[in-house]
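Here, each number is a calculation from the coordinates, and none is a lab measurement. Note that the coordinates shown come from a computational prediction; the quantities given were computed from them, not determined experimentally. So basically every Cβ, Gly included, is an ideal-geometry build from the backbone, and we count neighbours across all protein chains shown.
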Amino acid sequence: MSLEKILSISGKPGLYKMTKQTRSGFLAASLIDQKKISVSARHNVSLLTEIAIYTLTQEVPLREVFQKIAAKEGSKQTISHKVPKIELEEFCFGIVPDYDEQRVYPSDIKKVVQWYNLLIKNGFTDFSEPDQEKDKQEPQAPTSDKKQNPSSTKKTVSKQVQKPPAKATKKVVTQHKKTTTAKKK
């Protein structure tokens with residue numbers, strides 16, 4: 001299983017797996033108790049693949065953080081998310097030594113640890129990015145020996161008409177009114 005369909009829903013504990021799309025949103029199953037819920041546009045939803053941890057130099061994707069934890073723990077569960085704040089910070093320094101203490105709060109570290117343990121408990125052990133599958137699915141541009149007709153390219157470019165911005169039009173109109181009022185005097 002991959003992280004592509006695993007998400008966090010604001011206000012709901014744990015993680016959810018997207019199962020089916022509906023007209024107004026989608027159905028998601030909780031990884032904690034397998035209960036299904038309906039998720040609509042009013043929910044604040046974040047895919048795990050889009051979440052990152054701030055460091056002093058860059059942002060490290062959550063996938064990479066999970067890979068580092070798995071390498072350290074041997075793809076087994078790690079410390080509890082209920083340990084004291086100081087232990088969570090020490091753990092995070094062991095995984096991401098240059099994480100930004102100003103922007104990464106202990107509650108964020110607690111979530112990362114809890115999510116990692118939940119994923120391991122549910123059989124997620126491969127946190128690598130499936131980039132090879134994406135390359136296979138993208139169609140290749142057809143190669144041919146025929147040269148493109150430059151006139152057809154010119155036609156498409158010449159058909160594109162740009163409208164002047166609304167502010168510029170208003171300036172022209174106001175300037176025109178000023179000149180007409182000046183002529184009347």
Along segment 73-83, what does the Karplus equation 6.51 cos²θ - 1.76 cosθ + 1.60 (θ = phi - 60°) give for ³J(HN,Hα), rounded to whole Hz, x for Gly and Pro? 9, x, 6, 10, 4, 10, 4, 6, 7, 9, 6
Quick one: what are the phi-derived ³J(HN,Hα) couplings along segment 31-36, Karplus 6.51/-1.76/1.60 with θ = phi - 60°, whole Hz, x for glycine and proline? 7, 7, 10, 6, 6, 9
Quick query: amide H of Ala52 versus all other amide H atoms, modeled in the peptide plane; which residues come in under 5 Å with a sequence gap of 5 or more or a different chain? Leu62
In order over segment 57-70: 3J(HN,Hα) from phi, Karplus 6.51/-1.76/1.60, θ = phi - 60°, whole Hz, x for each Gly or Pro, gives 10, 7, 10, 9, x, 4, 4, 5, 4, 4, 5, 5, 5, 4
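At 0.36 nm per residue, minus the direct Cα-Cα distance, what do Asp33 and Gln114 gain on full extension? Give it in nm, one decimal, please.
27.7 nm
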As I understand it, the dipole of segment 51-128 uses +1 on the Cβ of Lys and Arg and -1 on the Cβ of Asp and Glu, about the Cα centre. Which of Phe93, Val65, Gln114 lies farthest toward its positive end? Gln114
Using a simple spin-label model with points 7 Å from Cα along the Cα→Cβ vector, what separation in nm is obtained for Lys72 and Thr125? 2.0 nm
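Below 8 Å between Cα atoms, with a sequence gap of 6+, how large is the relative contact order for segment 19-106 in percent? Each step should come with its number before you reach the end.
On the way: 75 pairs, mean separation 17.7, N = 88.
Relative contact order, segment 19-106: 20 percent.
Given just the C-alpha atoms of segment 51-128, how large is their convex hull per residue in cubic angstrom? Could the numbers behind the result be given before it?
Working: hull volume 6.3 nm³, N = 78.
Normalising the Cα hull of segment 51-128 by residue number yields 80 Å³.
Given the pairs Lys20/Lys68; Lys20/Lys110; Lys68/Lys121; Lys35/Lys110; Lys36/Lys76; Lys12/Lys68, which span a C-alpha to C-alpha distance of over 21 angstrom in this model?
Working: Lys20/Lys68 31 Å; Lys20/Lys110 29 Å; Lys68/Lys121 17 Å; Lys35/Lys110 23 Å; Lys36/Lys76 26 Å; Lys12/Lys68 26 Å.
In this structure, Lys20/Lys68; Lys20/Lys110; Lys35/Lys110; Lys36/Lys76; Lys12/Lys68 exceed 21 Å between Cα atoms.
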Calculate log10 I(q)/I(0) of segment 3-47 for q = 0.21, 0.28, 0.31, 0.34 Å⁻¹, where I(q) comes from the Debye formula with a single equal point scatterer on each Cα and nothing for solvent. -0.60, -1.09, -1.32, -1.49
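What is the magnitude of the charge dipole of segment 1-139 about its Cα centre, with +1 placed on the Cβ of each Lys and Arg, -1 on the Cβ of each Asp and Glu, and no other charges, expressed in debye to the nearest 20?
960 debye
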